[in-house]
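> Quick one: the structure is below, questions incoming.
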Amino acid sequence: MKTIDFSYFIERYNAGEMNEAEKLWFQKELEGNPKLRQEVTLRKRTDQALMNHGALELRNKLIEIEKRRAAAIPVKSHKKNSTSTLRYAAVITGLILIGSFLLFKGKSLTNNEIIDQYYKPYEVISGSRSLQAVTNSDYSRALEYYNIHDYRNAALYFSKVLNEDPKYIESAMFNGVSNYEAKNYPVAEKEFMKVLDNNNNLFMEDARWYLALCYIQTSDKGKATEQLMTIKNSSSIYSKDARKILKRMK
């Protein structure tokens, strides 16, 4: 069995982005893995330190600006100077608070930062609920590889299923996700487009979302924006995230 790289899951766990099933699985992994617990704690402390460092740098810059401004103003009277000091202290405090908020909430994000913040693994339908998994051994094998995060082999077997039945949209969707996870974005794009072209299935919203993520991964901002705008203006479960990404794309 393929060794799991926990880096991705640590980031999602610390960011509170795991669903209940993922969280239960990861917490069970933590119980029997002291090194993993140590890594989770270290990452959390590092993230907090970086956040505090960024806020501190911004605060110090604003305070330095205020010091230079104050040094350039002549003192006319103690009373007037005290009032002025209080007024500017309030202003600088407000700037620090606003600046700190903008630093972490309003800054533009790189493509990698967008993926890290908004991407969530696609949840596979249980094989026991799928007739295809019962009747097709290649599909069943594909799901097994998918569930242990061996996406290259999963893609191989989903492709075999599609060679036999090109219209099987569920396999197309999972083949797209598997190729996305394996960083084979051109193939992933074709599979998601196949789902969208079918135009009558349960995977339309997911396929469009993943297609947008493919374009982000390949730095095709125009196509990514087009798909995100469609998602934002729809009733999709991804509409809120699409709107946030559009505001923060570089």
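> I want to check the label-to-label distance for GLU39 and GLU11. Put each point 7 Å from Cα in the C-beta direction and report it in nm to one decimal.
Rounded to a tenth, the inter-label distance reads 1.4 nm.
> Under the 0.36 nm per residue contour assumption, what length would be gained going from the current alpha-carbon distance of LYS23 and ILE148 to full extension?
43.4 nm
> To continue, here is another question. Excluding LYS160 itself, calculate the net charge of residues whose Cβ lies under 11 Å from the Cβ of LYS160, where each Lys or Arg counts +1 and each Asp or Glu counts -1.
-2
> With respect to the cross-link table entries LYS23/LYS244; LYS28/LYS247; LYS28/LYS190, which display a Cα-Cα separation exceeding 27 Å?
Violating the 27 Å limit, Cα to Cα: LYS28/LYS247; LYS28/LYS190.
Quick note: the coordinates plus some simple rules give every number you see, no bench work behind them. The model shown is predicted, which means the values in this text are computed figures rather than measured ones. Cβ coordinates were reconstructed from backbone atoms using ideal geometry, including for glycine residues, and neighbour counts include every protein chain displayed.
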